[in-house]
2 protein chains.
Amino acid sequence: MSSRTELSKKSPRESFPHSAYIASQSIQEFVPTSGTYPKGFQVGSINVGIKPASKSQPDLVLVASEKPSNGAAVFTKNEFPNASITVSKEIVRRTKGWGVRGVIANSWCGNTITGKQGLEDSLIMSKEAGRYISGETTDAEAESSVMVMHTGMGGQRLPINNIIKGIPTLHASMGNSHTHWLEAARGLSTTDTFPKLVSRTFTLPSSPTITYSIAGLTKGSGMIHPNMATTLGIICTDASISAPALQNCYPPLPRNRGPEISLDSSCEDFISFQRILVEFMADMAKLVVRDGEGATKFITIRVHGAPSYAAGKHIASVIARSVLFKTGIYGKEPNWGNVVAALGYSLMNTGKGIIVGELTSVSFVAEGGEVLKFMERGVLGVVDEQRAKEVMEKEDVEVLVELRDDGKEDGGEEAVYWTCDLTHEFVTINSDFGN
Amino acid sequence: MSSRTELSKKSPRESFPHSAYIASQSIQEFVPTSGTYPKGFQVGSINVGIKPASKSQPDLVLVASEKPSNGAAVFTKNEFPNASITVSKEIVRRTKGWGVRGVIANSWCGNTITGKQGLEDSLIMSKEAGRYISGETTDAEAESSVMVMHTGMGGQRLPINNIIKGIPTLHASMGNSHTHWLEAARGLSTTDTFPKLVSRTFTLPSSPTITYSIAGLTKGSGMIHPNMATTLGIICTDASISAPALQNCYPPLPRNRGPEISLDSSCEDFISFQRILVEFMADMAKLVVRDGEGATKFITIRVHGAPSYAAGKHIASVIARSVLFKTGIYGKEPNWGNVVAALGYSLMNTGKGIIVGELTSVSFVAEGGEVLKFMERGVLGVVDEQRAKEVMEKEDVEVLVELRDDGKEDGGEEAVYWTCDLTHEFVTINSDFGN
């Protein structure tokens, strides 16, 4: 889903020196200088004039497999998705994930609510990319196996002619070097302050001497909740996995469901790969949160003792979306009151007995695991205020909600949610664009 | 529910000249200079040192009926309410609303998660107020019929000795003048930039020559969603209504349910009074929204064509809570894209078929009713950009979502939601307090 209006030819960041400062810090820490990329994939990016020249970034990205590959996709559940969702869903439906050739993605133009024209443009983009990847240059009408992605400002027609003209050069410039991958990540970016690229190697139980690679591109950054919103991700691996297995990897079953997975699957490799993939996706997601628009904090919300993973996740998500909580964290305040308030309305009487005041504790957790318990079983805890201030100064802040703080070990399910703070710069970015 | 940490002895507004400017504008427009107050009620307020001296405002408020009256109450559903909720709920349970003598309320100290001590303090407050109102000065242990309210910073003990010492003076100073009511509204305020007081007269069908009065106090302002959060309201009327009828007035049944109300109730006066009360409460609620922390805009979100009032209200509430939407309105941008995005995830597949792209239109509505249709049945509308900019300059902004824009008159249910914008000042207020 990419129907945002926050993007304009004038980047909101351009006139905001503070964000450049954050970016330059973050780039050093979060942008890799090398990587391990999966064999059999080619990656390219080019500027075809969708982004303003001042961005000096690619805006059209192609990720292609050298041979037909197995693919799977997870789509936004938003009821106003952009045209690429319709086109890509149809490819998945038709191919069932067999023989996928790649992904073509553009940034800075979301192609939302553009009706039939938008759908046609999106389909042409897929077919043109497919022609070049498969070498079938004579049959533009052939059904394509190249998925499409758009992200950026909605309600504007895609500059499809620029895109078509750019594809040959884009295709010719593809490669598998670190620079190719990093430039592609820059190409996906919209208001991101740094490109988001993750790669690693892994082995599987059935062949411990073979090293596989996995690499992923993603982008943020304003609207990351709920259900992906404008976040995009492309992940490639050279491990051989069947299309149905890939599609079953995500979403994973919750923690503590290992035995059930084992029963459902005969393949040790699948379980192992699923764990690797979920961790890998978590690392990609963390980059997106880290670079939330205007963000200065990376916040982890951990809920312990939930009767189910779903209930715990819901509670954590309500806290994570509390504007007061997020703003307070920006102010470096240990806002346990805002946590408690959000916790208190999180289930709104739909889950009677799940939240019990006298059993509930709320803490801020310092690096290294030190627990500052602000609310202890429903009443005010005794906390070293000075120490609390120190903890809140850190870029990473963790909130722990214990729903069953009764000293017993058997504490139910755990859910973890990541979010960022809500800052003056967020308001600047999302209010003054276009002005 | 009042477990906020946003209040400190140093008011966040004190160091922020911009907010003072907003307040001085708003005071002229929204603070009444006279009123019509119900007979039989006495109102008082006093400063007992809970608020900082620099606020120059009362912080303890007493609203009392001269004779035992009929009362009803609606409470927050938050699972971490402050002690006053427990005490007041018990009074309603015990009395069933018969013989209620009044409400005592303090601001600037929320008395949340203060355990048994907090509960005792709240109970003492009720009983001490009850002693003075009923004149039973010898029996402090008598069961009280005075409800209690706290609002303000959580996790701190109520200065109960100050409160007890203040009650005799507070009681002696009560009256029924405009000044008494207005000062009481100031006494309820926390981060409010203006006191919130509404009054009016009305008649009932059974006695058209008798004029009744209704008056209400309320306060904001940061955490008004969901289910009242820290918002308080006290409403008095000299119309005679039985306690059970009062309790049935709110929440009202949705629009278009008039016939069912008629069937359920034999009393024309009840139906009439309920309509008056709901409109009156809407006016009080609007003042709270108008004075949302840092707010510069009053936003109305209207959803047409919903299959039920509940579905429409839910959709409107999701848009109203979209941080991107609220921030964009602050920037005076006609952010139809953010409206569409929020609309698109509002039901998250729980209400299949309710949102149908090709039937859905999104407009901004100008004063006077001019409709600027940005999305027309799922595709981009043709809108005069210059006119749109003019409309967004106004303090009052209205968004119209038509779920069944098919030209038919029978358009299902309507739901309306009010909210305010999210501004730099909101972030300032909620991040730098305590620093």
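The values are calculated or read from the model by the stated rules, or taken from the named source; none is laboratory data. Please read these numbers as outputs of a predicted model, since none were measured by experiment. Glycine gets a Cβ as well: all are built from the backbone with ideal geometry, and neighbour counts include every protein chain shown. Note: areas computed on protein heavy atoms with side chains; ligands, DNA, RNA excluded. Shrake-Rupley method; radii C 1.70, N 1.55, O 1.52, S 1.80 Å.
Odds and ends about this structure:
- Test result for B:Gly97, more than 14 Å from every other protein chain (Cβ to nearest Cβ), in contact with a helix residue (DSSP H, G or I) (Cβ under 6 Å, 6 or more places away or on another chain) and either hydroxyl-bearing (Ser, Thr, Tyr) or within 21 Å of B:Ser173 (Cβ to Cβ) (or both): no
- Filtered by the rule that a residue be surrounded by 21 or more Cβ atoms within 10 Å (Cβ to Cβ) and either among the aliphatic types (A, V, I, L, M) or at pLDDT below 95 (or both), region B:82-96 gives B:Asn82, B:Ala83, B:Ile85, B:Val87, B:Ile91.
- Hey, A:Glu398 without any contact (Cβ under 8 Å) to a residue 40 or more places away in the chain and either more than 14 Å from chain B (Cβ to nearest Cβ) or among the polar types (S, T, N, Q) (or both) or not: no
- Sole exception among (1) part of a helix (DSSP H, G or I); (2) farther than 19 Å from A:Thr231 by Cβ for A:Ala185, by number: (2)
- Flag if B:Trp108 is buried (at least 18 other Cβ atoms within 10 Å of the Cβ) and of a type in the set (Phe, Trp, Tyr): yes
- Any hit, region A:305-315, residues being charged (D, E, K, R), away from chain B (no Cβ under 12 Å) and out of contact with any helix residue (DSSP H, G or I) (no Cβ under 9 Å at 6 or more places or on another chain): yes
- Residues in region A:76-90 that are more than 12 Å from every other protein chain (Cβ to nearest Cβ) and farther than 14 Å from A:Thr114 by Cα: 3 in all.
- The number of residues in region A:319-338 being hydrophobic (A, V, I, L, M, F, W, C) and at the interface with chain B (Cβ under 9 Å from one of its Cβ atoms) comes to 4.
- In region B:266-278 there is at least one residue matching the filter, namely being part of a loop (DSSP other than H, G, I, E, B), modelled with pLDDT under 90 and away from every other protein chain (no Cβ under 13 Å).
- A:Ala285 more than 8 Å from chain B (Cβ to nearest Cβ) and open to solvent by less than 20 Å² (accessible area, probe 1.4 Å): no
- Residue in region A:187-205 that is surrounded by the fewest Cβ atoms within 10 Å (Cβ to Cβ), counting only those that are under 16 Å from the mean Cα position of the chain (by Cα) and over 20 Å from A:Ala282 (Cα atoms): A:Thr191
- Criterion applied to A:Gly305, A:Gly294, A:Gly312 was being part of a loop (DSSP other than H, G, I, E, B) and either in contact with a Lys or Arg (Cβ under 6 Å, 6 or more places away or on another chain) or open to solvent by less than 10 Å² (accessible area, probe 1.4 Å) (or both), and the one residue passing it is A:Gly294.
- Selected residue (only one of B:Lys51, B:Lys67, B:Lys77 is among the charged types (D, E, K, R), within 30 Å of A:Val356 (Cβ to Cβ) and touching a Gly at 6+ places or on another chain (Cβ under 9 Å)): B:Lys77
- Leading residue by the ranking (farthest from A:Ser242 (Cα to Cα)) among those in region A:66-80 that are over 21 Å from the mean Cα position of the chain (by Cα) and surrounded by fewer than 21 Cβ atoms within 10 Å (Cβ to Cβ): A:Glu66
- Hey, A:Gln25 at pLDDT 95 or above and assigned by TED's automatic domain parsing to the domain that holds A:Ser126 or not: no
- Test: A:Glu333 is of a type in the set (Asp, Glu) and over 20 Å from the mean Cα position of the chain (by Cα): yes
- For region B:344-355, filtered to residues that are more than 7 Å from chain A (Cβ to nearest Cβ) and of a type outside the set (Lys, Arg), the residue that is farthest from the chain's Cα centre (by Cα) is B:Gly353.
- Long-range neighbours under 9 Å by Cβ, at least six apart or interchain, first residue assigned by TED's automatic domain parsing to the domain that holds B:Thr201 and assigned to a loop (DSSP other than H, G, I, E, B) within region B:30-47, second open to solvent by 40 Å² or more (accessible area, probe 1.4 Å) and small (Gly, Ala, Ser): B:Tyr37/B:Ser177; B:Asn47/B:Ala53; B:Asn47/B:Ser56
- Residue within region A:55-64 that is in a helix (DSSP H, G or I), at pLDDT below 95 and open to solvent by less than 30 Å² (accessible area, probe 1.4 Å) present: no
- Residue check, A:Ile319 in contact (Cβ under 8 Å) with a residue 12 or more places away in the chain, part of a loop (DSSP other than H, G, I, E, B) and under 19 Å from B:Ile113 (Cα atoms): no
- Only a single criterion out of (1) modelled with pLDDT under 90; (2) assigned by TED's automatic domain parsing to the domain that holds B:Phe426 is not satisfied by B:Asn256, namely (2).
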